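Quick note: the coordinates plus some simple rules give every number you see, no bench work behind them. Keep in mind that this is a model prediction, so the values were computed, not measured. Note that we place each Cβ from the backbone using ideal geometry, even for glycine, and neighbour counts take in every protein chain shown.
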Amino acid sequence: MSLFEKLKAANQKDWHDYTHHRFVEELGAGSLSEKAFRHYLVQDYLFLIHFSRAYALAIYKADSLEMMRSAKNNLSMIMDTEMELHVGFCAKWGISRDEMEKAQEDRPNMAYTRYVLERGMAGDLLDLLTALAPCVVGYGEIGKRLAAECNLDNNPYRSWVEEYASDGFQQATRTAIAQLDALAEEATPKRFERLARIFGDATRLEVGFWQMGLDAAR
């Protein structure tokens with residue numbers, strides 16, 4: 001079982017509440033109110049801005065070039081592809097880029113994005129990617145299920161469903177799961193070795209801090 005599957009199994013009710021939320025079910029049925037969807041679209045654009053910052057932080061947090069490149073690819077996908085697709089999609093709903101960028105963040109959006117960034121700042125890359133996983137993998141799971149279960153003919157939100165059910169996004173979810181598993185392997189003896197090295201570096205820096213005081217008194 002992958003680390004992601006273990007995390008999901010440990011939070012079954014919350015995961016079901018997320019992936020089968022009334023918003024999701026009405027979107028799949030095509031009965032979601034346009035006002036609700038438009039508000040979501042604007043907030044999602046603002047969310048992607050902070051999501052980009054989180055992947056930029058992941059580059060900094062990564063301990064290997066492989067993980068740095070992976071985070072860079074995710075950052076590029078969001079900023080160069082997903083956000084531009086989002087702008088084009090929103091334009092069809094009469095929402096301009098300028099309108100989205102000037103919009104005020106809603107409190108749930110602020111709470112979520114700042115939590116992810118705080119986890120990344122306070123913890124390591126595994127903490128950060130774990131905080132990011134529900135969005136990346138969850139959207140892929142939702143899109144795939146709705147595409148399989150719902151009749152999307154004449155559904156005004158069909159393109160949204162198809163975007164997250166697409167092969168490209170499904171690959172992104174598999175990549176996110178693989179990244180967690182790669183880091184989870186380090187959370188055993190290898191992880192301890194890294195932590196011990198960090199502890200040693202910090203201890204030596206503390207020694208240098210004491211010495212700094214002595215040297216200043218000479």
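What the table below lists for this structure:
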| quantity | calculated |
| --- | --- |
| Under 15 Å from the Q104 label point (7 Å along Cα→beta-carbon), backbone N, the stretch 18-62 | 43 |
| Helical contribution to [θ] at 222 nm, DSSP H n ≥ 4, -39,500 (n - 2.57), averaged over the chain, rounded to 500 | -26000 deg cm²/dmol |
| Stretch gain in nm, segment A148-A122, where the contour uses 0.36 nm per residue and the Cα spacing is subtracted | 5.4 nm |
| FRET E, pair K72, R174, Förster distance 22 Å, beta-carbon r, rounded to 0.05 | 0.75 |
| Net length gained if the chain between E185 and S159 were fully extended (0.36 nm per residue, minus Cα distance) | 5.6 nm |
| Fewest-first sequence of D80, D106 by Cβ atoms within 10 Å of each Cβ | D80, D106 |
| Gain in span if fully extended, H16 to D167, counting 0.36 nm per residue against the direct Cα distance | 52.0 nm |
| For the stretch 1-137: relative contact order, % (alpha-carbon pairs under 8 angstrom, 6 or more apart) | 27 percent |
| Local electrostatic count, F169, Cβ distance below 12 Å [Lys/Arg +1, Asp/Glu -1] | -3 |
| Cβ-derived FRET efficiency at R0 35 Å, L41 paired with K6, nearest 0.05 | 0.60 |
| Quotient of Cα Rg and 2.2 N^0.38 Å for the stretch 3-187, N being how many residues it contains | 1.03 |
